[in-house]
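Okay, handing you the structure first.
No lab work stands behind these numbers, since they all come straight from the coordinates. Worth saying up front: this structure is predicted, and the values here are computed from it rather than measured. Cβ coordinates were reconstructed from backbone atoms using ideal geometry, including for glycine residues, and neighbour counts include every protein chain displayed.
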Amino acid sequence: MTKAAVIGVGSLGRHHARIYSELEGVELVAVCDTDEARAREYAEQYGCRAVADYRELAGAIDAASVAAPTVDHARIGCDLLAAGVATLIEKPIAASLEEADRLVAAARDADAVLQIGHVERFNPAVRAAAGVVTTPRFIECHRLAAFTPRSLDIDVVMDLMIHDIDVILSLVDSEVSEIHAAGIGILTEKVDIANARIEFENGCIANVTGQRTPSA
């Protein structure tokens with residue numbers, strides 16, 4: 001029986017808790033959140049422990065989902081991986097390339113599983129397309145979402161567009177040769193509307209737009 005926990009039970013983490021509670025061969029041991037009332041709410045709902053500090057779970061779990069704010073991914077993830085805990089981190093992997101490298105190194109050093117929750121790769125439509133798309137030449141993606149007060153520690157590229165970038169990179173079998181991008185903030189100090197033109201060495205071009213504003 002795999003003993004699992006969820007770190008951060010906000011808008012996404014609560015779904016991780018629900019799924020763990022339903023999976024065969026998995027025991028949801030605990031949910032963790034700095035909002036202790038929220039942690040208790042979901043712990044009662046799924047019949048597990050509620051903790052405010054993930055470090056209390058040392059030695060008690062085999063796997064964990066990290067759905068905390070992106071700025072905390074590297075710190076929490078590296079601690080879990082160092083303890084040998086298989087770790088699923090909600091996208092994006094981290095707030096910077098340096099932090100992402102630290103996570104990868106921590107997983108390698110501990111020989112622990114590290115996976116990032118790029119769920120769009122498993123979207124049935126994307127999986128169907130992957131079976132027939134062999135040499136794409138032009139890709140156009142628009143991901144327009146209504147503004148919500150979540151994930152405001154990152155910009156729209158890391159929040160929304162990263163799904164499409166990940167899918168594009170999984171479909172185009174070529175290195176990126178050039179990127180042209182522009183973005184502006186509307187409601188936050190971060191970029192809320194962005195557009196990027198990604199050119200690949202094999203000639204493929206991807207035009208990607210991400211937006212999180214009330215007019216979306």
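Using only Cα atoms, find the angle between the long axis of helix 162-171 and the longest principal axis of the chain, and express it within 0 to 90 degrees, rounded to the nearest 10.
It works out to around 70 degrees.
Using the Karplus curve 6.51 cos²θ - 1.76 cosθ + 1.60 with θ = phi - 60°, what ³J(HN,Hα) values do you get for each residue of the range 9-22, in whole Hz, with x for Gly and Pro?
Residue by residue, the range 9-22 yields 10, x, 5, 9, x, 4, 6, 4, 4, 4, 5, 4, 5, 9 Hz.
Only counting other Cβ atoms within 10 Å, I'd like PHE200, PHE122 sorted with the fewest neighbours first. Kindly include the intermediate steps, with their values, before the conclusion.
Working: PHE200 20, PHE122 9.
Fewest-to-most ranking of PHE200, PHE122: PHE122, PHE200.
Working only with C-alpha atoms, what are the Rg and Dmax values of the range 107-162, expressed in angstrom?
Every Cα atom of the range 107-162 included, Rg and Dmax give 15.7, 40 Å.
Let me ask another. Before anything else, pin down the relative contact order of the chain: Cα pairs under 8 Å, at least 6 apart, normalised by residue count, whole percent.
15
Moving on. Considering the range 129-212, what Rg and Dmax in Å follow from its alpha-carbon atoms?
13.6, 41
Magnitude of the Cβ-charge dipole of the chain, K/R +1 and D/E -1, about the Cα centre, nearest 20 debye? Walk me through the numbers before you get to the answer.
Details: 19 positive and 33 negative charges, 95 e Å.
For the chain, the charge dipole is close to 460 debye.
Let me ask something else about it. How many percent of DSSP beta bridges within the chain run antiparallel, rounded to 5?
35
How much mean residue ellipticity at 222 nm does the chain get from its helices, if each DSSP H run of length 4 or more adds -39500 (n - 2.57) and you divide by all residues, to the nearest 500 deg cm²/dmol? List each step's numbers first, then the result.
Details: 6 runs with 62 residues, N = 216.
Mean residue ellipticity at 222 nm (helix-derived): -8500 deg cm²/dmol.
Here's a follow-up. Quick one: if the Förster radius is 35 Å, what FRET efficiency do ILE179 and ALA128 give, using the C-beta to C-beta distance and rounding to 0.05?
Details: r = 28 Å, r/R0 = 0.80.
With R0 = 35 Å, the Cβ-Cβ based efficiency is 0.80.
Considering only the other residues whose Cβ falls under 9 Å of the Cβ of VAL6, what net charge follows from Lys and Arg at +1 and Asp and Glu at -1? Don't jump to the answer; show the numbers that get you there.
Values: positive: ARG14; negative: ASP33.
Within the 9 Å Cβ shell, the charges total 0.
Please turn the phi angles of the range 38-44 into ³J(HN,Hα) values with the Karplus equation 6.51 cos²θ - 1.76 cosθ + 1.60 (θ = phi - 60°), one per residue in order, whole Hz, x for glycine and proline.
For the range 38-44, the Karplus-derived couplings read 5, 4, 5, 4, 7, 5, 5 Hz, x marking Gly and Pro.
Which order do VAL126, VAL172 fall in if you start with the one that has the fewest other Cβ atoms within 10 Å? Walk me through the intermediate numbers first.
Working: VAL126 17, VAL172 21.
Neighbour counts put them in this order, fewest first: VAL126, VAL172.
Taking the Cβ-Cβ separation of ASP35 and GLU120 as r and a Förster radius of 22 Å, what is the calculated FRET efficiency to the nearest 0.05?
0.20
Can you tell which of ALA145, ALA182, HIS163 lies farthest toward the positive end of the dipole of the range 129-212, using +1 and -1 charges on the Cβ of basic and acidic side chains (Lys, Arg; Asp, Glu)?
Of the candidates, ALA145 comes out farthest on the positive side.
In angstroms, what radius of gyration and Dmax does the range 169-216 have, counting Cα atoms only?
13.2, 38
At q = 0.18, 0.19, 0.22 Å⁻¹, what log₁₀ I(q)/I(0) does the range 2-117 have when each alpha carbon counts as one equal point scatterer in the Debye sum?
Debye output, listed in q order: -0.81, -0.90, -1.19.
In whole Hz and in residue order, list the ³J(HN,Hα) couplings for the range 92-105 that follow from phi through the Karplus curve 6.51 cos²θ - 1.76 cosθ + 1.60, θ = phi - 60°; x for Gly and Pro.
x, 4, 6, 7, 8, 5, 4, 5, 4, 4, 4, 5, 4, 5
Express in whole angstrom the spacing between the alpha-carbon centres of the range 39-81 and the range 117-163.
Each part's Cα centre sits 26 Å from the other's.
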